[in-house]
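Read the structure below first, then the notes.
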Amino acid sequence: MQALRNIYTVENHRIVIDLPKSFNHAAVEIIILPLDPSNKETFTKSLSIDKKERLKKLLAINVWNEDDIKPITETQSLINQWEIEEF
């Protein structure tokens, strides 16, 4: 599953969300929660991080674990044993 989490500034009652090209989904669920202004440090820090930097950090997260990789490597191993036949 691919997920994005960002903090946006509301301007004129609007939020514009640019999705990366790799985000190829036909439908998404959007949940909007107001940010607690009393936690000013988190809010300021989040806004100061460049959008590309946030995306870079998100894409650097490894969401695979050994249980996810094992069936893929087993399947690849089986495919590598196939013989190519010419007709």
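Every number in this text was worked out from the coordinates using simple rules, so none of it is lab data. What you see is a predicted model, and the numbers here were worked out from it, not measured in a lab. Here the Cβ positions follow ideal geometry from the backbone for every residue, glycine too, while neighbour counts run over all protein chains shown.
List of remarks:
- Reach of residue 51 by Cα under 15 Å, taken over aspartates and glutamates that are not fewer than 8 positions away in the same chain: 18
- Using a simple spin-label model with pseudo-atoms 7 Å out from Cα toward Cβ, residue 12 and residue 24 lie 3.4 nm apart.
- Extended-chain gain in nm, criterion 0.36 nm per residue less alpha-carbon gap, residue 33 and residue 82: 12.4 nm
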